[in-house]
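Q: I am attaching a structure below and will ask some questions about it afterwards.
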Ligand code: ZN
């Protein structure tokens, strides 16, 4: 199965709000499978559809606890706090300390279109929240405190220059 090219900052699709999927069919299943392939090849732990140029609420996550494919994912419950250094396949060379809920319960549909709930904690919870953020056009650089932002400013400028 071919892999998708990964869209990198400052590609405008990364800032779009993604549309809900009305019905899960062969097209969505194919996109999810190809997204998983793309994530593994890039050695990422998660990927959201806008990162491969598709405006749709689809994510894949695998932090070493098995592959999860989710359609229209939403965070139902949040518990505790956790800070982890996160990277993003769309922001090569950049890591940001992001504070998120330590535990989450996420609801969505599986690839058959059936409603499912998934509980995640620590790295898995971060990855789920990170990918769900992508569906709202939110990136890890949005979490940087003003002082810390300067640290990555140069790297962002380089990405802007090398874009296209
Ligand atoms: Zn990301």
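Laboratory data are not the source of any read-out in this text; all were calculated from the coordinates shown. All values derive from a computational prediction rather than experimental measurement. Note that each Cβ is placed from the backbone with ideal geometry, even for glycine, and that neighbours are counted across all protein chains shown.
Q: Under a point spin-label approximation (7 Å from Cα along Cα-to-Cβ), what is the residue 40-residue 65 distance to one decimal in nm?
A: My value for the distance between the label points is 2.0 nm.
Q: Another question, if that's okay. For the chain, set up a GNM with springs between Cα atoms under 10 Å and report which of 128, 32, 47 has the largest fluctuation.
A: 32
Q: Please work out the C-alpha center-to-center distance from the range 93-131 to the range 64-82 and express it in whole Å.
A: Answer, in whole Å: 2.
Q: Which of rounded, prolate, oblate describes the range 99-164, given a ≥ b ≥ c as roots of the alpha-carbon gyration tensor eigenvalues and a/c under 1.5 marking rounded, otherwise prolate only if a/b is larger than b/c?
A: Note, shape of the range 99-164 comes out oblate.
Q: For the peptides 89-96, 144-151, what is the packing order when you average, over each peptide's residues, the other Cβ atoms within 10 Å and list the highest mean first?
A: Result, highest mean first: 89-96, 144-151.
Q: Spin-label point model (7 Å from Cα, Cβ direction): what's the residue 116 to residue 99 distance in nm?
A: 3.2 nm
Q: Would you please put 57-65, 154-162 in order of how densely packed they are, using the mean number of other Cβ atoms within 10 angstrom per residue and starting with the highest?
A: In descending order of packing, they fall as 57-65, 154-162.
Q: Could you pull the Cα extents of the range 37-164 along its three principal axes, largest to smallest, in whole Å?
A: If we take the Cα atoms of the range 37-164, the spans are 44, 34, 24 Å.
Q: For a test of the definition: using alpha carbon positions, the gyration tensor, and the 1.5 limit on a/c, classify the range 1-100 as rounded, prolate or oblate.
A: Judged from the Cα gyration tensor, the range 1-100 comes out rounded (a/c under 1.5).
Q: Using a Gaussian network for the chain with springs between C-alpha atoms less than 10 Å apart, which of these wobbles most: 108, 137, 80?
A: Maximum among the listed residues: 80.
Q: Using alpha-carbon pairs under 8 Å, 6+ residues apart, how would you state the relative contact order of the range 12-163 in percent?
A: Contact order relative to length: 24 percent.
Q: Cut-off 13 Å, label point 7 angstrom out along Cα-to-Cβ of residue 145: give me the residues of the range 88-104 whose amide nitrogen falls inside.
A: Of the residues in the range 88-104, 97-99 have backbone N under 13 Å from the label point off residue 145.
Q: For residue 1 and residue 153, FRET efficiency with R0 = 30 Å and r from the beta-carbon atoms, rounded to 0.05?
A: 0.20
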